[in-house]
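Asker: Structure below; questions to follow.
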Amino acid sequence: QVHVVESGGGLVQAGGSLRLSCTVEGSIFSIKYMGWYRQAPGKQRDLVANITSGGSTSYAESVKGRFTISRDNAENTVNLQMNSLKDEDTAVYYCAAEVVVAPALSTYDYWGQGTQVTVSS
């Protein structure tokens, strides 16, 4: 069994900062890909940022220069530092991970339960 646990959401004023954290727990052999997605009310779930096991990152255009994704492979964690937050960043943020599960060494995608980020102006 593998579980994805997120933390760090909350209410923040526009221009402020929040840090989201995500830990993957369970029968993990390795984690290939980790990422953060978000879904605002009435909208589809979109990629915010992702990071490979080697540390390569990519970001949605709307968050470039404001958000930074990082991971700790030893701890199976991924973080999202969000600065200069805007109203339009308000959404439920989801952590995702592509996990090679032990001992079968099969690869599955796992999602967290989501954490609410609300930016007030």
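The values are calculated or read from the model by the stated rules, or taken from the named source; none is laboratory data. Because the structure is a prediction, the values reported are computed rather than measured. Every residue, glycine among them, receives a Cβ derived from its backbone with ideal geometry; neighbour counts consider all protein chains shown. Ligands, DNA and RNA are excluded from the accessible area calculation, which covers all protein heavy atoms including side chains. Shrake-Rupley method; radii C 1.70, N 1.55, O 1.52, S 1.80 Å.
Asker: Somewhere in region 8-27, is a residue touching a Ser or Thr at 6+ places or on another chain (Cβ under 8 Å), more than 19 Å from SER121 (Cβ to Cβ), at pLDDT 95 or above and open to solvent by 70 Å² or more (accessible area, probe 1.4 Å)?
Answerer: no
Asker: Taking the residues in region 25-51 that are among the small types (Gly, Ala, Ser) and outside any strand (DSSP E or B) as candidates, determine which candidate is farthest from VAL4 (Cα to Cα).
Answerer: At the first step, the residues of region 25-51 found to be among the small types (Gly, Ala, Ser) are 26-27, 30, 35, 40, 42, 49.
Going one step further and asking which of them are outside any strand (DSSP E or B), we end up with 27, 40, 42.
On the way: SER27: 12, ALA40: 20, GLY42: 24 Å.
If we take residues in region 25-51 being among the small types (Gly, Ala, Ser) and outside any strand (DSSP E or B), then GLY42 is farthest from VAL4 (Cα to Cα).
Asker: Could you please let me know if GLY54 is open to solvent by 60 Å² or more (accessible area, probe 1.4 Å), farther than 28 Å from GLN1 by Cα and in a loop (DSSP other than H, G, I, E, B)? Break it down stepwise before answering.
Answerer: Details: open to solvent by 60 Å² or more (accessible area, probe 1.4 Å): yes; farther than 28 Å from GLN1 by Cα: no; in a loop (DSSP other than H, G, I, E, B): yes.
Taking the combined requirement at face value, the residue does not satisfy it.
Asker: For region 77-116, enumerate the residues that are part of a loop (DSSP other than H, G, I, E, B) and either charged (D, E, K, R) or open to solvent by 40 Å² or more (accessible area, probe 1.4 Å) (or both).
Answerer: Of the residues in region 77-116, the ones part of a loop (DSSP other than H, G, I, E, B) are 83-86, 90, 102-105, 112-114.
Selection gives ASN83, SER84, LYS86, PRO103, ALA104, LEU105, GLN113.
Asker: Would you check which residues across region 83-121 are of a type in the set (Gly, Ala, Ser) and within 26 Å of ARG66 (Cα to Cα) and list them?
Answerer: Taking region 83-121 first, the residues of a type in the set (Gly, Ala, Ser) are 84, 91, 96-97, 102, 104, 106, 112, 114, 120-121.
Scanning region 83-121 gives SER84, ALA91, ALA96, ALA97, GLY112, GLY114, SER120, SER121.
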